[in-house]
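Please treat every number below as a calculation from the coordinates, not as lab data. Bear in mind the structure is a predicted one, so any value in this text is a computation, not a measurement. Note: ideal-geometry Cβ built from the backbone for every residue, glycine included; neighbour counts use all protein chains shown.
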Amino acid sequence: MSHYYTDNTNLAQNRKEISFRFSGINFSFITDNGVFSKTEVDFGTWVLLDTLKNKELKGKILDLGCGYGVVGIVLKTLFKLCDLTSVDINPRAVELAKLNYPLNNVEGNCFVSNIYENVEGKFSHIVTNPPIRAGKVVIYQMFEEAYTHLEDNGCLWVVIRKAQGAKSAITKINEVFGNCETIRKEKGYFILKAKKVDKLTML
């Protein structure tokens, strides 16, 4: 069985274009079989974006597990001076994201990567709506390796449902970063923020 967090290259193609209005801006996204939330932008992603829109993000942003590109494209539209990189393990998702960049007048770097496997450099912000069905081993690797891929004082932003392990995710992120703040709770979704700081200064 194919999953949205795997290589779905051989899955039958059925592309569609969906609309998404956010912060007074109209976005369009081409979606397809074998990608997450193909019929509409999911509520968790909306809560994440609605939280981040007022944070005045700067620097380099990594959209980790980008799907067809919603998070990165919206953030780049809102924060035009940021440098955007989007990655996903699913080649079909990356192909769609590359189509959706110009469709929404956005520029950025987008490529296939198994978590951080092909990612180079460090980022000011890593933003993710993690693939819960991939399991804790995958999700926790995303958290663990985020620390080394962030600049000093860089931030990890995560949206995760209470029913799908928010509490254990908070515990894990705390172990990795020495901090984890619950920024928002909305209809069972938690927005988590962890900041890369010198752990010795927190003792």
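Okay, here's what the table says:
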{"read-out": "Value of relative contact order over the stretch 16-202, rounded to a whole percent, pairs C-alpha under 8 Å and six or more apart", "value": "18 percent"}
{"read-out": "Overall form of the stretch 88-175 per C-alpha gyration tensor (a/c, 1.5; a/b vs b/c)", "value": "prolate"}
{"read-out": "Two-site label geometry, ASN118 and ASP50: point separation in nm, points 7 Å out along Cα→Cβ", "value": "3.4 nm"}
{"read-out": "12 Å Cα cut-off, lysine pairs counted over the stretch 45-134 (separation 8 or more, or different chains)", "value": "6"}
{"read-out": "Paramagnetic label zone (point 7 Å from Cα along Cα-to-C-beta, GLN13; backbone N under 16 Å) in the stretch 78-104", "value": "91-100"}
{"read-out": "With at most 15 other Cβ atoms within 10 Å, longest stretch of the chain clear of loop GluC sites (Glu not before Pro) (DSSP)", "value": "121-203"}
{"read-out": "Electrostatic dipole magnitude of the stretch 1-146 [Cβ: Lys, Arg +1; Asp, Glu -1; Cα centre; debye, to 20]", "value": "320 debye"}
{"read-out": "Extension gain (nm, one decimal) between VAL137 and GLU107, 0.36 nm per residue minus Cα-Cα", "value": "7.6 nm"}
{"read-out": "Distance between modelled label sites at LYS80 and VAL197, nm, 7 Å Cα→Cβ extension", "value": "3.4 nm"}
{"read-out": "Cleavage-rule hits, trypsin sites (Lys or Arg not before Pro), the stretch 28-117, DSSP coil, Cβ neighbours within 10 Å at most 12", "value": "LYS58, LYS80"}
{"read-out": "P(r) histogram, all alpha-carbon pairs of the stretch 106-150 included - 5 Å bins from 0, percent", "value": "5, 17, 30, 28, 14, 5, 1"}
{"read-out": "D_trans [Stokes-Einstein, Kirkwood Rh over alpha-carbon pairs] for the chain, 25 °C, 0.890 mPa s, µm² s⁻¹", "value": "145 µm²/s"}
{"read-out": "Distance-filtered residues of the stretch 163-199 - backbone nitrogen under 15 Å, label point 7 angstrom along PHE43 Cα→Cβ", "value": "163-164, 185-191"}
